[in-house]
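Participant: Let me give you the structure first, and then I'll get to my questions.
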Amino acid sequence: MNRRLFLYCFVTSAAALFAAPPAPATHKTQRIIFVMTDGLRWQEVFNGADINLMNKENGGAEDPGPLKKLYWRDDLSSRRQALMPFLWTTVNRQGQLYGNREFESDAYVLNGLNFSYPGYNETLTGFADERINSNDKVLNPNVTVLEWLNQKTAFHGKVAAFGAWDCFPFIFNAQRAGFLVNAGYDPLTTVPLTPRLELLNQLKSEEPPYLGEEPVDALTFQTALEYMKTRQPKVLYISLGETDEWAHQGNYSEYLGAAHRADAWLKVLWDAVNSLPAYRGSTTLIFSPDHGRGDAPLGWKDHGQKVPQSKYIWMAFLGPDTAALGERSHIAPVTQSQIAATIAALLGEDYNAAVPKAGAPIRDVLPK
């Protein structure tokens, strides 16, 4: 090799060795809508309604005929689509779903308690905390990813959370967090009221407490939707509660109805995303529960530390940065603790740099 060629090879090799790492993939997501529905089992999400639970003895109806007409199909694909049509058309075709254990796609919680406050904390902070061990209204000492984003100039004042459960102001530590948290029967009064918000506030004040400390999900969802349309936040969180409430009561008919409505509201949100210029083409939608439940026919009503199967959950992602891989199978497990960093990463932010103990982002839903 002559001297000139040697020098050329040396210089180009050195340049390659010391060059800056490749630039990160350009992300299109500028806004996140994160919807959670409390305690919805992976079994119904991936298999549709369970015919063994449709009879009166196991939580169904006196006459299961109408319920079967609504949700039962002999074919698995048709059955799960009957229950959750948006999930199994739009999301499955254009996004990704995790958690079908029958296809070796496990998704689970790490907190070991398998109930709500620990699950919401793990989801929203990225880690389990042994101090969060009850559903008591105790201010969360941890900073959620929503609070962390709200501290950044690009997102400050553009984060909002709506929840059916009146514990959410404590889960988010709302006074410290500094962003809007509207939960339970509380009216929304911190923004200019539209006629629709005034009506929703009135309905909250007049609704009988059918579900105890929670209003029906429709009031929570419609309040969040109106806020989205009028205030256009960059990060919108919505938590629905009826799937868990009806399951605890052993009412499988209403449980299925709540799941079906949650899916329908996802479509409403996605239609709004595609109708609003600020959201169109730049929004990722995420859907997941806080915990799972036990197996049918008896354990489906319950969850918690004594119900090990209730650690299993599911996740769905739909947006411009997420490859259309549909229902995932034969992949490494994902955990609830990864959602917080995934939200941040979709927005181009590095949550793990600030919170190293949080789970790492789910790489397959991020831009390549």
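Nothing in this text is a laboratory measurement; each read-out follows from the coordinates by a stated rule. Being a predicted model, the structure only gives us computed values, none of them experimental. Virtual Cβ from ideal backbone geometry, glycine too; neighbours counted across all protein chains shown.
Participant: Looking at Asn55, Asn150, Asn135, can you tell me which residue is farther than 19 Å from Asp263 by Cβ and free of Cβ contacts under 8 Å to residues at least 24 places away in the same chain?
Facilitator: Among Asn55, Asn150, Asn135, only Asn55 is farther than 19 Å from Asp263 by Cβ and free of Cβ contacts under 8 Å to residues at least 24 places away in the same chain.
Participant: I need the full set of residues from region 267-294 which are more than 15 Å from the chain's Cα centre (by Cα), surrounded by fewer than 18 Cβ atoms within 10 Å (Cβ to Cβ) and on the phi < 0 side of the Ramachandran plot, in order please.
Facilitator: Val268, Asp271, Ala272, Asn274, Ser275, Leu276, Pro277, Ala278, Arg280, Ser282
Participant: Let me ask something additional. What's the total number of residues in region 204-221 that are more than 26 Å from the chain's Cα centre (by Cα) and either of a type outside the set (D, E, K, R) or closer than 23 Å to Arg31 by Cβ (or both)?
Facilitator: 2
Participant: Run down Ala247, Ala259, Ala224, Ala264 and say which single residue is over 23 Å from Thr144 (Cβ atoms), surrounded by 21 or more Cβ atoms within 10 Å (Cβ to Cβ) and within 16 Å of the chain's Cα centre (by Cα).
Facilitator: Step by step, each of Ala247, Ala259, Ala224, Ala264 is checked, and only Ala259 is over 23 Å from Thr144 (Cβ atoms), surrounded by 21 or more Cβ atoms within 10 Å (Cβ to Cβ) and within 16 Å of the chain's Cα centre (by Cα).
Participant: Now for a separate question. For the condition in contact with a helix residue (DSSP H, G or I) (Cβ under 6 Å, 6 or more places away or on another chain) and surrounded by 14 or more Cβ atoms within 10 Å (Cβ to Cβ), what is the one hit in Pro367, Pro297, Pro320?
Facilitator: When all the criteria are applied, what remains is Pro297.
Participant: Could I ask something else about it? Since Thr90 meets every condition but one in (1) without any contact (Cβ under 8 Å) to a residue 40 or more places away in the chain; (2) surrounded by fewer than 22 Cβ atoms within 10 Å (Cβ to Cβ); (3) over 20 Å from Gln336 (Cβ atoms), which condition does it not meet?
Facilitator: Condition (1) is where Thr90 drops out.
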